[in-house]
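The values are calculated or read from the model by the stated rules, or taken from the named source; none is laboratory data. Just so it is clear, the model here is predicted, and its values are computed rather than measured. Note that we place each Cβ from the backbone using ideal geometry, even for glycine, and neighbour counts take in every protein chain shown. The area values use the complete protein model at the heavy-atom level, side chains included, leaving out ligands, DNA and RNA. Shrake-Rupley method; radii C 1.70, N 1.55, O 1.52, S 1.80 Å.
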Amino acid sequence: MSKYSTRELVADKAIVREEIAISASAVPEADRSFNLPTGLYVATAGSYFAFLGIMSVGFSTPGLILPIGIMVVLLTAFFGIATIFVRTDPAARAKIMRLGQLRSRGVMTHTGRLSMKDVAIQMLILPVLIVMWGLTVVTIAALV
């Protein structure tokens, strides 16, 4: 249950520690780049757009123009906003790992170091499976 406490009661019992107080001008650092090579993100975005392309060609009816158009706009916004975050922050841009760095160092995760091949597989497995699923659905619809 909640209990109403007056401001004076809280002020009497509160311990204010000045060394951890954050000023209003201090902004915590937020890293939105994931620090992986740009090519992996381009491959991810390309596979999602490939799925939409497969669906729009396989099921080309006038009734699906609006839903597919909405999905294209949403995917463009999803990947576009992430690109804007990285391009406008020079610190985030400097932290992005190059392909050669990924090849030589890999990526350290909670369960251990991953090589470049493992990173690419882990990052692209879902988008590739979605594209394969789209091809399967279109093939089944064409045969039935």
(request) Consider only pairs whose beta carbons are under 9 Å apart and that are at least six residues apart or on different chains; among these, list those whose first residue lies in segment 50-66 and is outside any helix (DSSP H, G or I) and whose second residue is open to solvent by less than 70 Å² (accessible area, probe 1.4 Å). (result) 59/68; 59/137; 59/138; 59/141
(message) Can you pull out every residue in segment 88-108 that is within 17 Å of residue 40 (Cα to Cα) and of a type in the set (Ser, Thr, Tyr)?
(response) 104
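Checking the structure you have, find out if any residue of segment 1-8 is at pLDDT below 70, more than 30 Å from residue 123 (Cα to Cα) and in a loop (DSSP other than H, G, I, E, B). Write out each step before concluding.
Step one: of segment 1-8, the residues at pLDDT below 70 are 1.
Among the residues that remain, those that are also more than 30 Å from residue 123 (Cα to Cα) are: 1.
Keeping just the survivors that are in a loop (DSSP other than H, G, I, E, B) gives 1.
Within segment 1-8, one or more residues are at pLDDT below 70, more than 30 Å from residue 123 (Cα to Cα) and in a loop (DSSP other than H, G, I, E, B).
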(message) For segment 48-63, check the following and say yes or no: at least one residue is closer than 25 Å to residue 34 by Cα, open to solvent by 60 Å² or more (accessible area, probe 1.4 Å) and either at pLDDT 90 or above or among the small types (Gly, Ala, Ser) (or both).
(response) yes
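Filter the helices (runs of 4 or more DSSP H) completely within segment 76-144 down to those with at least 2 residues that are open to solvent by less than 50 Å² (accessible area, probe 1.4 Å).
Values: elements: 90-95, 99-105, 116-143.
Because the criterion is at least 2 residues that are open to solvent by less than 50 Å² (accessible area, probe 1.4 Å), the helices (runs of 4 or more DSSP H) in segment 76-144 that meet it are 99-105, 116-143.
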